[in-house]
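For reference, the structure is listed below as structure tokens.
The values are calculated or read from the model by the stated rules, or taken from the named source; none is laboratory data. In this text the structure is predicted, and so the values were computed from the model without any measurement. Cβ atoms come from the backbone with ideal geometry, glycine included; neighbour counts cover every protein chain shown. For the accessible areas, the whole protein counts, side chains as well, though only heavy atoms, and no ligand, DNA or RNA atoms are used. Shrake-Rupley method; radii C 1.70, N 1.55, O 1.52, S 1.80 Å.
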Amino acid sequence: MSEIISCSVCSHLLIKEQNTYKCENNHTFDLAKEGYLNLLLNAKKTSGDSKEMMAARRDFLAKGYYEKLSDRVNQRLKKYHSTDQAILDIGCGEGYYLSRFQKEIAPKASNFYGMDISKLGIRMAAKKNPMIHWLVANFAKLPFKDKSVSTVLSMFAEYSVPEIDRILTDDGNIIIVRAANNHLIELKNIIYPEIHEKVKTSSIKTFPGFCVEQENFSYKVTIQSTEDLLSLLLMTPHYWKIKPEGIENLKKFESLEVTISIEIDLLKRQKKSF
């Protein structure tokens with residue numbers, strides 16, 4: 001790993017010594033046999049999504065249902081990201097989106113970083129793509145030096161505004177992808193007796209000092225089996241909200257055309273005028 005990773009204890013730079021990363025205060029972190037680095041201290045084994053949810057996400061995404069979404073995000077990344085700069089995917093899960101981007105534009109690059117609080121997800125990611133630096137870490141305290149990351153990506157994930165602001169270079173970019181109101185509306189009509197949509201606020205309000213370019217992107221795709229529909233449900237927050245009858249209703253469907261509707265926000269620092 002390039003020398004931009006910081007210690008999760010004292011925030012000093014971590015230096016690699018064989019298969020160990022150590023800071024000047026002698027805090028050490030060992031690389032796992034799969035090649036990822038766990039920077040969480042005293043983390044619960046159940047941190048992040050469960051094994052069942054991660055497996056469902058991996059299997060569902062591998063079937064290509066979200067390829068158009070991934071391709072659209074990659075178009076934006078290619079326009080604004082410089083391949084000789086560091087890119088970080090916060091909440092990367094099993095690494096689907098970052099791996100597709102890395103393989104498309106820079107298969108030999110060494111400055112791609114994916115992090116998630118789930119050790120299960122990061123282990124899956126490391127097994128799938130050893131060219132990327134995978135970290136188990138918390139978004140509330142990003143293990144990176146100040147102004148060391150050129151592009152930050154958040155795909156349906158939580159993030160800390162102050163922490164992203166801290167690690168982002170002065171000319172860096174942030175791409176935030178989140179569900180729009182109509183996302184998976186057909187699925188929601190099946191699993192909920194009534195739908196009460198919250199009004200989604202713009203991320204421009206949460207990143208003071210940044211200008212934002214917004215895009216709404218939608219397409220329809222047919223989910224081709226009950227198993228895939230249940231995997232999709234496991235990937236979403238709706239799984240935790242619905243009643244058992246909602247799952248039973250979904251099991252009645254052997255296929256379903258659903259709307260993929262997302263918002264892509266590109267954020268850049270506003271240039272100061274003197």
Subject >> Index of the failed condition, Ala126 passing every other in (1) touching a Lys or Arg at 6+ places or on another chain (Cβ under 8 Å); (2) modelled with pLDDT of 95 or more; (3) buried (at least 21 other Cβ atoms within 10 Å of the Cβ) >> reply: (1)
Original post:
In the range 99-123, which residues are closer than 16 Å to Val149 by Cα, polar (S, T, N, Q) and part of a loop (DSSP other than H, G, I, E, B)?
Top reply: Ser110, Asn111
**OP:** Could you list all residues from the range 237-259 that are of a type in the set (A, V, I, L, M, F, W, C) and surrounded by 10 or more Cβ atoms within 10 Å (Cβ to Cβ)?
**Re:** Ile242, Ile247, Leu250, Phe253, Leu256, Val258
Original post:
Is at least one residue of the range 58-71 of a type outside the set (Gly, Ala, Ser), without any contact (Cβ under 8 Å) to a residue 40 or more places away in the chain, under 18 Å from Ile132 (Cα atoms) and open to solvent by 20 Å² or more (accessible area, probe 1.4 Å)?
Top reply: no
Subject >> Yes/no for Gly93 being outside any helix (DSSP H, G or I) and surrounded by 21 or more Cβ atoms within 10 Å (Cβ to Cβ) >> reply: yes
Original post:
Is it fair to say Glu52 is closer than 30 Å to Thr259 by Cα and part of a helix (DSSP H, G or I)?
Top reply: yes
Original post:
Before we move on, is Ile167 in contact with a helix residue (DSSP H, G or I) (Cβ under 8 Å, 6 or more places away or on another chain) and β-branched (Val, Ile, Thr)?
Top reply: no
Subject >> Residue identified as assigned to a loop (DSSP other than H, G, I, E, B) and in contact (Cβ under 8 Å) with a residue 12 or more places away in the chain among Lys141, Lys127 >> reply: Lys141
Original post:
Cβ-Cβ below 7 Å, separation at least six or inter-chain, first residue in the range 209-229 and in contact (Cβ under 8 Å) with a residue 40 or more places away in the chain and open to solvent by less than 40 Å² (accessible area, probe 1.4 Å), second assigned to a loop (DSSP other than H, G, I, E, B) and not small (Gly, Ala, Ser): which pairs?
Top reply: Phe210/Gln270; Val221/Tyr65; Ile223/Tyr65; Asp228/Lys63; Leu229/Phe253
Subject >> Matching residues, the range 181-206, being modelled with pLDDT of 95 or more and either touching an Asp or Glu at 6+ places or on another chain (Cβ under 7 Å) or open to solvent by 30 Å² or more (accessible area, probe 1.4 Å) (or both) >> reply: Ile185, Glu186, Asn189
Original post:
Taking the range 260-274, which residues are surrounded by fewer than 16 Cβ atoms within 10 Å (Cβ to Cβ), within 28 Å of the chain's Cα centre (by Cα) and of a type in the set (S, T, N, Q)?
Top reply: Gln270
**OP:** Go over the candidates Ser160, Ser150 one by one and state the one that is without any contact (Cβ under 8 Å) to a residue 24 or more places away in the chain and either open to solvent by less than 20 Å² (accessible area, probe 1.4 Å) or polar (S, T, N, Q) (or both).
**Re:** Ser160
**OP:** Determine whether Gly114 is open to solvent by less than 10 Å² (accessible area, probe 1.4 Å) and either of a type in the set (Ser, Thr, Tyr) or under 24 Å from Ser231 (Cα atoms) (or both).
**Re:** yes
